[in-house]
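See below for the structure under consideration.
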Ligand SMILES: Cc1cc2nc3c(=O)[nH]c(=O)nc-3n(C[C@H](O)[C@H](O)[C@H](O)COP(=O)(O)OP(=O)(O)OC[C@H]3O[C@@H](n4cnc5c(N)ncnc54)[C@H](O)[C@@H]3O)c2cc1C
């Protein structure tokens, strides 16, 4: 491979999931991120109770992300062969964990107003 | 994307050789002003090399008449055939339409090239059409010489333990039928490669490793025996890669015999006959993978464009290895599998060859000499089992030319290399076709 551009990286993702699923997921991630920012600004503070529950979701998000990547690539844990593989695996898990935490935090904030909490 | 940014810089430090080609290729898209010309540019073959050349030329020249000649309507992403032949991807994975990839303004003649006359600068098609040219780009790929293997024909693939994945998606899918039957029954699986030059010299090894892995997980399990029949004394043309494969064979208990060239099969009795220095040797098999000898397509071999003193039984086009320009007809270039250069018969090589060829052709239009240089970059991710692969990238001098030095180790079985092969290679290839990469 000679060079890596953003366009090519996007093409890779489109290929992985199919354009519809990829843009659907990218859109969903963008919406959740915007909603997360919205509730932070709306509430003007971080609710630690909600954050605790969000943290509990992290391991599940990590496992789901890793499982998803393994499934679509016909591979598994036994295929990790070197340090770079461990880094890639941890990156996937971290992305899944953060995604799940943001999702759970945002969902709680939208369902329950801050007043109802205290 | 710090990794991606760092990689090209690191490579320039590590690999002075590659740097020149890299810089030249990187400079090409920056040349914003297309060159005005009324030249007739004729491209023979609309495969990986022909389509990539058409797209890059369409951006670099204005007013030229660019014509492609190829009767095949569908485009094949051939690196995917190895995955189809082992049940990892469906047949449709390798298929698209040729026209989908062509830039606006080029003409596609859907006829087969019947004759090339470089003296008269004229190409004739099977429909009798004559096409003149000012510049000719030969990108006809290569032909599989099925008849060179006595007793073999493509309609047998998939029956009697016979696989042959090179011929296209249907052949690859039928090869999978034979492989899955073998994974249940076990026995002796024999893998061959021809004594000619061949496209993607890693593919016979990939198939061998994949079948071993699939059979080890299937009912065959311990009842399997794997034998790789090499055509010469090596397992791969690059010594350091060959040595690594030897070590992998040892740990996987894959046997190897050398100087064995398949010459005949008896499909009913499942016997393969090999020509060896000690005379013919017969080997009975439960699964046999056949890769026929490979040669330049007939119109090329009959055109007088081939080397007269090298590869005389194969007929590859006589080009300068660094500019891909014909050594006797300066208005003729050859790119892709048909080019008479050592190494270089991979889609990854096409990606490096085409910008070099375009640089020299555009320079010729301007009355100067081109400066870009191709150093033989060739790459073939060597799958070593379902889930792992080694990035194998090298050049004319048998040096390794890793794309991600310090990040992805070459010659190491890695999951990330498998992810690249399974996920990233096809989009990279398609971006290359469009002229974007
Ligand atoms: C099983 C397999 C695995 C591979 N794996 C890899 C890999 O992992 N990585 C990699 O980089 N490369 C791989 N390759 C190699 C890669 O696919 C080829 O090197 C690449 O396609 C070469 O491009 P080309 O344009 O020269 O030939 P092709 O893409 O084959 O195109 C040649 C074109 O010429 C046309 N043609 C032929 N005869 C005529 C005629 N008489 N008139 C008009 N048109 C004609 C054909 O229809 C075809 O469209 C693999 C190949 C195979 C078979």
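Here region B:175-214 is scanned for amide nitrogen atoms under 18 Å from the site 7 Å beyond the Cα of residue B:159 along Cα-to-Cβ, giving B:175-182.
Axis angle, to the nearest 10 degrees, between helix B:239-252 and the longest C-alpha principal axis of chain B: 30 degrees. Peptide A:82-92 has a mean of 4 when you count, residue by residue, the C-beta atoms of other protein chains within 10 Å of its C-beta. If R0 is taken as 30 Å, the Cβ-Cβ distance between residue A:53 and residue A:22 corresponds to a FRET efficiency of 0.55. Projected label points at residue B:397 and residue A:68, each 7 Å from Cα along the beta carbon direction, are separated by 4.6 nanometres. Take each peptide in B:301-307, B:160-166, count the other Cβ atoms within 10 Å of every residue, and average; sorted highest first, the result is B:160-166, B:301-307. Estimated from the Cβ-Cβ distance and a Förster radius of 45 angstrom, the FRET efficiency linking residue A:10 and residue B:264 is about 0.35. Once you sort the root eigenvalues of the Cα gyration tensor of region B:146-293 as a ≥ b ≥ c, which label holds: rounded (a/c under 1.5), prolate (a/b larger than b/c) or oblate (the other case)? Rounded shape, in that the Cα axes give a/c under 1.5. Fully extending the segment from residue B:93 to residue B:366 would add 94.1 nm, taking 0.36 nm per residue of separation and subtracting the current Cα-Cα distance.
Taking only the C-alpha atoms of chain B, the Rg (one decimal) and the largest Cα-Cα distance, Dmax (whole number), read 21.7, 66 Å.
Full extension of the chain between residue A:34 and residue A:111 gives 26.1 nm of extra length, using 0.36 nm per residue less the Cα-Cα distance. Averaged over peptide B:383-389, the number of partner chain Cβ atoms lying within 10 Å of each residue's Cβ comes to 4.
With Rh defined as the Kirkwood radius, the inverse of the mean 1/r over Cα pairs, the Rg/Rh of region B:97-143 is 0.97.
As a rough footprinting exposure proxy, the listed residues B:75, B:258, B:289 were ranked by other beta carbons within 10 Å of their own, and the order from fewest upward is B:258, B:75, B:289.
The three principal axes of the Cα atoms in region B:246-291 give end-to-end lengths of 32, 25, 17 Å, sorted in falling order.
Here the mean projected area of the convex hull built on the C-alpha positions of region B:45-137 is 7.0 nm².
Ranked by Cβ crowding within 10 angstrom, fewest neighbours first, how are B:391, B:414 ordered?
Ordered from fewest to most neighbouring Cβ atoms within 10 Å, B:391, B:414 come out as B:391, B:414.
Per residue of chain A, what 222 nm ellipticity follows from adding -39500 (n - 2.57) for every DSSP H run with n ≥ 4, rounded to the nearest 500? It lands at -27500 deg cm²/dmol. Oblate is the label for the protein assembly as shown, because a/c, from the alpha-carbon gyration tensor with a ≥ b ≥ c as root eigenvalues, is 1.5 or above and a/b does not exceed b/c. The order of B:51, B:41, going from fewest to most other C-beta atoms within 10 Å of their C-beta, is B:41, B:51. Remark: spin-label model distance residue B:275-residue B:40 equals 4.2 nm, labels positioned 7 Å along the Cα→Cβ axis. All alpha carbon pair distances within region B:340-437 were sorted into 5 Å bins beginning at 0; the resulting P(r) in whole percents reads 3, 13, 18, 21, 19, 13, 6, 4, 2, 1, 0. Counting Cβ atoms of other protein chains within 10 Å of each Cβ in A:68-77 and taking the mean gives 4.
From a point 7 Å beyond the Cα of residue B:150 in the direction of its Cβ, which residues of region B:258-272 have a backbone N at a distance under 14 Å? Residues B:262-267, B:271-272 fall inside that zone. Spatial offset of region B:64-123 relative to region B:165-187 amounts to 25 Å, using the alpha carbon center of each. Note down the Stokes-Einstein diffusion coefficient of chain A in µm²/s, whole number, using a Kirkwood radius over alpha carbon pairs, 25 °C, and 0.890 mPa s. Reported coefficient: 151 µm²/s.
Relative contact order of chain B: 18 percent, from C-alpha pairs under 8 Å at least 6 residues apart in sequence.
A short reminder: the numbers here are calculations on the coordinates, not readings from a lab. Predicted model, so just to flag it, every value in this text is computed and none were measured. Neighbour counts run over all protein chains shown; Cβ positions are idealised from the backbone, glycine included.
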